[in-house]
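*Asks:* Submitted below is the structure of interest, expressed as C-alpha cells.
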Amino acid sequence: MSRTLPVTAPAARAPARRVSRRWGTYVYCFLVLLPVLALFAYIRLFPIARSVVLSLYNWNLASSHRPFVGLANYARLSSDENFLLALKNTTLYSISTVLCSTVLALPLALALTRATWSSTLYQALYFLPVITPMVPMAIAWKWIYDYNYGIFNYLLSLAHLPAVGWLVSAGVALWALVIMGVWKILGYNLILFLVGIRNIPAVYFEASSIDGAAGWARFRFITLPLLKPILLYVLVTATIQAYNVFTQVYVMTLGSQSAPGQAVRVLVYDIYENGFHFFRMGYASAEAVVLTLIVLGLTVIQFGAVRGEEA
Amino acid sequence: MRRAAPSLHRTGWLPEAAVQALLALGAAIMVLPMVWMLATSFKPPTEVAVWPPRLLPHAPTLANYWGVFAAAPFGRFFLNSVGLSAAATVCVIITSVLAGAIFAKYRFPGRTVLFVCILTTAIVPFESYMIPLYIQLIPIHWINTYQGIVLPYLIMSFGIFLLRQHIGSTVPNELLEAARADGASEWWILVRVIAPLSTSAVSAIGIFAFIQTWAAFIWPLLIANDQRLFNMELGLTAFQFRFSTDYGKLMAGSVLSVAPMLVAFLLLRRRIIESVALTGVKG
C-alpha cells in the first residue's frame, strides 16, 4: 500500500488529517503498551536471551574472572553423570506421569460427559488437587508415603506385603513422585477432555449410530479422531509442566537428594544446585538452555501434528 | 452449540453401577490427601504416629494450630503470601487489560510481531531463565526484597492472550466508534468502555494470577533469604526441615496454606473450571 499523498489539490487536506490521526493512534498504542512491554522485556525477554549468552561463558558468581568458553559447557554436560541422570529421571517422570494421567482422564471424561449434578460434583472433586499449592500437598504425601506410619505401607501390610521405603529407595522414589504427579494433574486433563468431547457436534454420533457403530468402535473411529487436537494439547502442556518438576522433589526427597544414592535427581534440581550451591551460573544456564530446547521441540511437534491434521 | 448426545457415549461393556463405583472410588482417592491432612492437624501427638493408621482423631484438639504459630511466624508468612499474591493479581489484571485492549482493537506497525513474541516466550519455562533474572537483580539490590520476590509474577502472557480474545469478540467496534463520535478520548474509552465490559475474563485472570503467586516456590527459594520475607510455601518448607517428625503441626501449617485456595475454589468453582476449559479450547 502506498503512503504517498494524492497530488490533486482539493483532496489533499482530508488524507493529511487522516494520516496525522493514524500516527496519533500509533503513538497512543505504544504509550499504553510501553509499561507492559518494558516489564515484559525486563522480566522475560532479556533473561531468556541472557541465559543463552551465559551458557557460553564460564560464569561463576563467586569469581570476577568469567572467560568465554564457547560450547564447552555443553560438551561437559554430555559427560556429566548428574546431568545425564537428571535428564533420564525427568524424562521417565514426564512420560509416565503424562501417559498415566491421560489414560485415566480419558475414560473419566467419557463417564462424566452427561451434564448432571453428579458430573459437576465429580469434576470439582477431581479438579481439587489442581488448585491446591504444591508444598503443603507434598508434605501431606510425604506423610502418606511414610515408612513406619504411612497409609501406603499400611495397605501393603493388609495384603501381607513387606513395607516399602517409598521416598528413600532409588528405584521406588521416582514412581512415588509419578503417583503424586498423576494425582495433581488428572483433574486438569479431565476438564480439557470434557470440553473436547462436549464440543463434538452431536450429528457425528447420530450418523455413526445410523451406521451401527457403538461402544468401542464409536470411541475409536469418532470420538478419538475428533478429540485429537485437544489430546495433543493435553499431552504437550502436561509434558512441558512435567519437565519442570521441582517443588515436590525438593520437599519430599530432600535429604536423600544430595546423598550418594541421589534418590531422584531431576533437571531443575540440577540447575538449582549448579547455579545456587556451586555458583556455576554459566554451566547451569547451559542446562537451562537444554531444558528450553526440549520444551520447544515438544511444542513444535505439537504444532506440526495439528497442522498435519488440518491439511 | 449442539452437544454430543451423552447416552450415545456409553461404551456398554461396564454396567452403570460399576462406573459409578469406580468414579466414587477415584474421587475418594483424590480428596484423601486433603482429608488426611485436615484430620491429622487435629490429632494430639499421641495419635499422630499410630499403627494401624486411623483417619479420624479420638480426642480432636487445636493444639497443633497454636503450636505452629508459636514455633514459627506463620502469621507473617500468611500475610506475606496474601500481600504478594494480591500485588501480583492487581498488576497482572492491569497489564492484561491494557495490552489485551490495544492488541484487540487497534492496528499499528509491529502489532503481530509483538503479540507473537509475547505468546511464544510463554512456552519457555521460568526455571530456565531464573538464573539471568537473579543476576539482573543483584546490581539493583532487589535480592531479598518483596519487590524482587513478586517481580516475575507481574505479567502473564496467557492473561494478555485471554483478554485480547475476550475484548476482540465481546466489545463491538460500533460502541467504540460511538464513543469517539461523542468526543471521548481513546484512554477514556479503554478505562470506561472496554475495561468494564471485560470483567468475566478479568476475574478468570485474577484467579489464575492469585493461585500462581500463592503457590510460588522456586523463585522465592532463590531470592528470599530473610525469614521475614518468606511466603507460606517457603515458611512451611523451612518448618518441615526443622520439625520433620512433628506431623501434627506440619499438617496444621499445611492446612493454613491450602485453606485460602479451597475457600476460593468453593466460591468460584464454576468460573475456575470454565477458565481452565477455555485454555484448552483456545490453545
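*Asks:* Which of the following residues is over 28 Å from B:SER81 (Cβ atoms), surrounded by fewer than 21 Cβ atoms within 10 Å (Cβ to Cβ) and more than 7 Å from chain B (Cβ to nearest Cβ): A:THR90, A:THR116? Outline the logic, then answer.
*Replies:* Working: A:THR90 fails: surrounded by fewer than 21 Cβ atoms within 10 Å (Cβ to Cβ).
A:THR116 is the lone residue from the list that is over 28 Å from B:SER81 (Cβ atoms), surrounded by fewer than 21 Cβ atoms within 10 Å (Cβ to Cβ) and more than 7 Å from chain B (Cβ to nearest Cβ).
*Asks:* Within the stretch B:227-260, which residues are surrounded by fewer than 19 Cβ atoms within 10 Å (Cβ to Cβ) and closer than 18 Å to B:GLY75 by Cβ?
*Replies:* B:GLN227, B:ARG228, B:ALA238, B:ARG242, B:PHE243, B:ALA259, B:PRO260
*Asks:* Within the stretch A:212-220, does at least one residue satisfy the condition of being more than 8 Å from chain B (Cβ to nearest Cβ) and part of a helix (DSSP H, G or I)? Break it down stepwise before answering.
*Replies:* Residues of the stretch A:212-220 more than 8 Å from chain B (Cβ to nearest Cβ): A:212-213, A:217, A:220.
From what's left, part of a helix (DSSP H, G or I): A:217, A:220.
Yes - at least one qualifying residue is present in the stretch A:212-220.
*Asks:* Only one of A:ALA242, A:ALA217 is surrounded by 15 or more Cβ atoms within 10 Å (Cβ to Cβ) and more than 18 Å from B:ALA277 (Cα to Cα); which?
*Replies:* Numbers: A:ALA217 fails: surrounded by 15 or more Cβ atoms within 10 Å (Cβ to Cβ).
Step by step, each of A:ALA242, A:ALA217 is checked, and only A:ALA242 is surrounded by 15 or more Cβ atoms within 10 Å (Cβ to Cβ) and more than 18 Å from B:ALA277 (Cα to Cα).
*Asks:* Consider A:TYR149 carefully, then state whether it is crowded, with 16+ Cβ neighbours inside 10 Å, facing chain B (nearest Cβ under 8 Å) and farther than 14 Å from A:ILE191 by Cβ. Spell out the reasoning first.
*Replies:* On the way: crowded, with 16+ Cβ neighbours inside 10 Å: yes; facing chain B (nearest Cβ under 8 Å): yes; farther than 14 Å from A:ILE191 by Cβ: yes.
Against the criterion (crowded, with 16+ Cβ neighbours inside 10 Å, facing chain B (nearest Cβ under 8 Å) and farther than 14 Å from A:ILE191 by Cβ), A:TYR149 qualifies.
*Asks:* In this structure, does B:MET1 turn out to be closer than 14 Å to B:MET251 by Cα and either at pLDDT 85 or above or not aromatic (Phe, Trp, Tyr) (or both)? Walk me through it before giving the result.
*Replies:* Values: closer than 14 Å to B:MET251 by Cα: no; either at pLDDT 85 or above or not aromatic (Phe, Trp, Tyr) (or both): yes.
No: the conditions fail for B:MET1.
*Asks:* So B:TRP142 fits all but one of (1) modelled with pLDDT under 95; (2) of a type outside the set (Asp, Glu); (3) more than 23 Å from the chain's Cα centre (by Cα); what number is the exception?
*Replies:* Of (1) modelled with pLDDT under 95; (2) of a type outside the set (Asp, Glu); (3) more than 23 Å from the chain's Cα centre (by Cα), only one is false for B:TRP142: (1).
The rows are residues; the columns are (1) at the interface with chain A (Cβ under 7 Å from one of its Cβ atoms); (2) part of a helix (DSSP H, G or I); (3) of a type outside the set (Lys, Arg).
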| site | (1), (2), (3) |
| --- | --- |
| B:ILE205 | no, yes, yes |
| B:PHE208 | no, yes, yes |
| B:PRO220 | no, yes, yes |
| B:ARG228 | no, yes, no |
| B:THR245 | no, no, yes |
| B:ARG271 | no, yes, no |
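*Asks:* Just checking, does the stretch A:190-203 include any residue being assigned to a helix (DSSP H, G or I), free of Cβ contacts under 8 Å to residues at least 12 places away in the same chain and more than 30 Å from A:ASN148 (Cα to Cα)? If you could, list the steps in order and put the result at the bottom.
*Replies:* Step one: list which residues in the stretch A:190-203 are assigned to a helix (DSSP H, G or I), which gives A:190-198, A:202-203.
From the residues that got through so far, the ones that are free of Cβ contacts under 8 Å to residues at least 12 places away in the same chain too are A:202-203.
With the extra rule that they be more than 30 Å from A:ASN148 (Cα to Cα), the set shrinks to A:202-203.
There is at least one residue in the stretch A:190-203 that is assigned to a helix (DSSP H, G or I), free of Cβ contacts under 8 Å to residues at least 12 places away in the same chain and more than 30 Å from A:ASN148 (Cα to Cα).
*Asks:* Can I ask one more? From A:LEU112, A:LEU128, grab the single residue that is assigned by TED's automatic domain parsing to the domain that holds A:VAL195, touching a residue at least 40 places away in the same chain (Cβ under 8 Å) and within 26 Å of B:GLN212 (Cβ to Cβ). Full working, then the answer.
*Replies:* Values: A:LEU112 fails: within 26 Å of B:GLN212 (Cβ to Cβ).
Among A:LEU112, A:LEU128, only A:LEU128 is assigned by TED's automatic domain parsing to the domain that holds A:VAL195, touching a residue at least 40 places away in the same chain (Cβ under 8 Å) and within 26 Å of B:GLN212 (Cβ to Cβ).
*Asks:* Those residues that are part of a helix (DSSP H, G or I) and either more than 11 Å from every other protein chain (Cβ to nearest Cβ) or surrounded by fewer than 18 Cβ atoms within 10 Å (Cβ to Cβ) (or both), I need them from the stretch B:95-107; list them, please.
*Replies:* From the stretch B:95-107, those part of a helix (DSSP H, G or I) are B:95-105; that's our starting set.
B:ALA104 - this is the single residue of the stretch B:95-107 that is part of a helix (DSSP H, G or I) and either more than 11 Å from every other protein chain (Cβ to nearest Cβ) or surrounded by fewer than 18 Cβ atoms within 10 Å (Cβ to Cβ) (or both).
*Asks:* Working carefully through the options B:LEU163, B:LEU175, B:LEU190, find the one that is within 10 Å of chain A (Cβ to nearest Cβ) and out of contact with any Phe, Trp or Tyr (no Cβ under 7 Å at 6 or more places or on another chain). Write out each step before concluding.
*Replies:* Values: B:LEU163 fails: within 10 Å of chain A (Cβ to nearest Cβ); B:LEU175 fails: within 10 Å of chain A (Cβ to nearest Cβ).
Answer to the check: B:LEU190.
The values are calculated or read from the model by the stated rules, or taken from the named source; none is laboratory data. Everything quoted here is computed from the prediction, not taken from an experiment. In this analysis, Cβ positions are derived from the backbone assuming ideal geometry, glycine residues included, and neighbour counts consider all displayed protein chains.
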